[in-house]
Amino acid sequence: MTIEQGNVFRRVTVSAPGRVNLIGDHTDYTGGLVLPMVVDLHTVVHGESEPGDTFTLASMDDAIPVSIPTDVANPAHVDPPWGRYVAGVLVELRAMGYRVPGFAGGVSTTLPIGAGLSSSAALAVAVARAIFESTGQTPPPDVDLALALQRAEQRASGVPCGIMDQLSIISGRQGTATLIDCHALTVDYVAIPDDIEFVVRHVMSRELAGSEYADRVAQCSLAERLIGPLRLADANSVLDIDDETIMRRARHVVTENMRVRDFADALTAHDLESAGRLMTESHHSLSDDFETSNAAMDAAVEAMLTEPGVLGARITGGGFGGCIVALKRR
Ligand code: GLA
């Protein structure tokens, strides 16, 4: 028998979900803890790989298709701008030694764009899956793929994002929260009790490119130069930081890491009141100490907290707009 090792070209339909972060925001880029879960909204890529050297995707949401040379060097120059996320994936998979084929296909999504549910990471994961499946190449381990797609997003957007979105989407399981240690890059699954649900409400769109996200990353890195890794710091050591703003940024990160651990324990122990309280405390920390909320997001959280059955609520994701998430009794 002869097994042919030549290039494989196949027609595929692949998808990737968005994610909502239940607790643990702005902790990933200092190697802290996060607890996201995948949502039941997806980005779908369909099409077929082909021998040419152009990667083409038409979008339901844009009249202009993305058409990228498979040897693209600088994703940040691709237009229309959503194509930069596609180009970033091509660059990073090539750098890992994968063959990037020509491709002709389309993309559609049920995720709101720019809403803090990781539509960009879902697009990147779906594109990567389309490349692997349409060429018969074996994907790398989840963590390696997540790191590559994190670099892809950084190249595409210029935003120094952490690993949460990519890793939670790649390793997520529907109906289960994903506890990620962003230093060790380990993933544990936390069951969601049957008698609660998480409600996600879109409040306002936003873009992290051009937002203060990069300033927050820089402020956390300054705090780490002063007192060492924030993932190892305690609430007392942050008080050694003289600069009031940097101290508050560090205090958010340190207390948020503790809240993630306590929240996972509370869910497991079915202590729903504590879990809800921790979410609301997380919101106040993001609003007061980390300053990544705004008046509209704060008002949406306050309104959500008055609704029947709601035990806690918070802004979710990068901030400066986007969605809130609430823990609610069924
Ligand atoms: C964005 C980034 C993530 C993470 C969150 C905040 O979603 O892409 O890496 O930093 O913001 O928790």
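Tell me the per residue accessible area of region 264-330 using a 1.4 Å probe; a whole number in Å² is fine.
So region 264-330 comes to 36 Å² accessible per residue, rounded to a whole number.
Of all the accessible heavy-atom surface of region 72-202, with the other protein chains kept in place and a 1.4 Å probe, what percent is carbon and sulfur?
Percent of accessible area from carbon and sulfur atoms in region 72-202: 51.
Roll a 1.4 angstrom probe over the protein heavy atoms and tell me the percent of accessible area of region 234-330 that is carbon or sulfur.
49 percent
Suppose the chain between S237 and F9 were pulled fully straight at 0.36 nm per residue; how much longer would it get relative to their current alpha carbon spacing?
Residue separation times 0.36 nm, minus the Cα-Cα distance, leaves 76.4 nm.
Heavy-atom accessible area per residue, region 209-248, 1.4 Å probe: how many Å²?
57 Å²
Across the chain, what fraction of all alpha-carbon pairs, as a whole percent, falls in each successive 10 Å bin from zero upward?
6, 26, 32, 22, 11, 3, 0, 0
I need the phi-derived Karplus couplings for region 293-303: 6.51 cos²θ - 1.76 cosθ + 1.60, θ = phi - 60°, integer Hz, Gly and Pro marked x.
These are the phi-based 3J(HN,Hα) values: 9, 7, 4, 5, 5, 4, 5, 5, 5, 4, 5 Hz.
Any idea how far the Cα center of region 83-160 sits from the one of region 25-60, in Å?
When both Cα centres are located, 5 Å separates them.
If one computes the Cα centroid of region 233-277 and of region 161-182, what distance in Å separates the two points?
Cα centroid of region 233-277 versus Cα centroid of region 161-182: 20 Å apart.
Roll a 1.4 Å probe over the protein chains and send me the accessible area per residue for region 57-127 in Å².
Heavy-atom SASA per residue in region 57-127 reads 37 Å².
Helix 142-157 sits at what angle to the longest principal axis of the chain, using alpha carbons and giving 0 to 90 degrees rounded to 10?
Helix 142-157 sits roughly 90 degrees off the main axis of the chain.
Restricting to DSSP loop positions (anything but H, G, I, E, B) with no more than 12 other Cβ atoms inside 10 Å of their own Cβ, which chymotrypsin sites (Phe, Trp or Tyr not before Pro) remain in region 201-306?
none
Suppose only helical runs count, i.e. DSSP H with n ≥ 4. What mean residue ellipticity at 222 nm does that imply for the chain under -39500 (n - 2.57) per run, divided by all residues and rounded to the nearest 500 deg cm²/dmol?
-12000 deg cm²/dmol
To one decimal place, what orientation-averaged projected area in nm² is obtained for the convex hull of the Cα set of region 190-330?
8.7 nm²
Helix 272-288 sits at what angle to the longest principal axis of the chain, using alpha carbons and giving 0 to 90 degrees rounded to 10?
80 degrees
What percent do you get for the relative contact order of the chain when only Cα pairs under 8 Å and 6+ apart count?
Rounded, it is 21 percent for the chain.
The values are calculated or read from the model by the stated rules, or taken from the named source; none is laboratory data. Since we're looking at a predicted model, the values are computed, not measured. All Cβ positions, glycine included, derive from the backbone under ideal geometry; neighbour counts span all protein chains shown. Areas reflect the complete protein model, heavy atoms only, side chains present, ligands, DNA and RNA absent. Shrake-Rupley method; radii C 1.70, N 1.55, O 1.52, S 1.80 Å.
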